[in-house]
Amino acid sequence: MSAVQATSATLERPPLRVKRKRWTAYILPVFTITTIVYLASPIFVMIMFSFNVLQGQRQIAEFTCCTLNWWTELFAIPSLNEALRTSILVAVPSAIVATALGTLIGLVLGRYQFRGRGPTNFVIFLAIAIPEIVLASSLLSMFVLAKTPIGFGSILFSHIGFSIAFVAITVRARVQGLDRSLENAAQDLFATPLQAFMKVTLPLILPGIVAGFLLSFVLSLDDFVITNFVGGSVNTFPTWVFGASRIGVPPQVNVWGTILFLVGITFAALNLVGSFRASRRSAAAAETAGAALRGATGA
């Protein structure tokens, strides 16, 4: 009889009301999507205009679909090819050197307390916060006072200088988020400091190092203001495009921009996958270290 009464009470219970979302819950998603579309729309236009049909050899505002001529004639402008080659020859070594120096600075700032740490942090942030035109004019004045030739070397030196701060901040943020107990556990298991760094610390901060390298590479490849000041007669890809814009940008610029964008997206996706795998390895290492410590304590 009680079971029948319980079933009857359950059937007579009014259905639960589904809670409706208020319209304010859609503000943030709509704002985020709108911002992404706004930021990405110039890239989509660039990709679209790399297939534009033209009567001449200069870019126009009218879009007529579609042709692959500009993709097949990618190397038709020697001066553009030389400028892009110069940009890559500057970006690669500057990113490597800036990553090496910035990683060491980031490790020191993120791990150790020392006299002068505050001023060092201030200088790092100052290198990022200072207007680029101020930094460019300062570098030009330094090269002129030092009687240093203006050209490829001055561009490379300048790009290394302003990229170090970005790498240092990226690596420092990664180091500060590490669990120091993992290194302590490795040393408790008789690993030397070098072994603990190579086996535990370096794999965990590697995504931050790769992110710093990609950031410094993109900043060097994209820089115009500093390069325009200290480049002299040497043209990089941004300065060449700026000069060509006075008479009309050739459509090969859109093709090269599309290629660089796709390469950047690929590297960013690979870094994201690497970060995800590193986080999984970190969780596995923490679990293994905890099990080892519990076993040692129990023994």
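The values are calculated or read from the model by the stated rules, or taken from the named source; none is laboratory data. Just so it is clear, the model here is predicted, and its values are computed rather than measured. When we count neighbours, we look across all protein chains shown, and the Cβ atoms used for this are built from the backbone with ideal geometry, even at glycine. With ligands, DNA and RNA removed, areas are computed over all heavy atoms of the protein, side chains included. Shrake-Rupley method; radii C 1.70, N 1.55, O 1.52, S 1.80 Å.
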* Under the Karplus relation 6.51 cos²θ - 1.76 cosθ + 1.60, θ = phi - 60°, what is the ordered set of whole-Hz ³J(HN,Hα) values for the stretch 261-276, x standing for Gly and Pro? -> 5, 5, 5, x, 4, 4, 5, 5, 5, 5, 5, 5, 5, x, 5, 5
* Asked: If you roll a 1.4 Å probe over the stretch 77-297 with all protein chains in place, what percent of the accessible area is carbon or sulfur?
  -> 70
* Could you work out Rg/(2.2 N^0.38 Å) for the stretch 77-297, with Rg from alpha carbons only? -> 1.24
* To do: Could you do me a favour and compute the accessible area per residue for the stretch 77-297, 1.4 Å probe, result in Å²?
  => 54
* Once amide H atoms are built 1.01 Å from N in the peptide plane, which residues 5 or more positions from Gly151, or in another chain, come under 5 Å H to H? -> none
* **Full-extension gain in nm, Leu270 to Tyr112, via 0.36 nm per residue minus C-alpha separation** => 53.8 nm
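Run the numbers for Phe125 and Leu262: contour at 0.36 nm per residue of separation, minus the present Cα-Cα distance, in nm.
46.3 nm
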* To do: Calculate the spin-label point distance for Arg22 paired with Trp71, positioning each point 7 Å from the Cα along the beta-carbon direction, and give it in nanometres.
  => 5.0
* Asked: Which whole-Hz couplings ³J(HN,Hα) result when phi for each residue of the stretch 238-244 is put into the Karplus expression 6.51 cos²θ - 1.76 cosθ + 1.60, θ = phi - 60°, listed in order with x for Gly and Pro?
  -> x, 5, 5, 5, 4, x, 6
* To do: Go through 254-266, 38-50 and give me the packing order, highest mean Cβ count within 10 Å leading.
  => 254-266, 38-50
* Global size of the stretch 50-173 as Cα Rg and Dmax, reported in angstrom -> 20.7, 66
* **Per-peptide average of other Cβ atoms within 10 Å, ordering 239-252, 211-224 highest first** => 211-224, 239-252
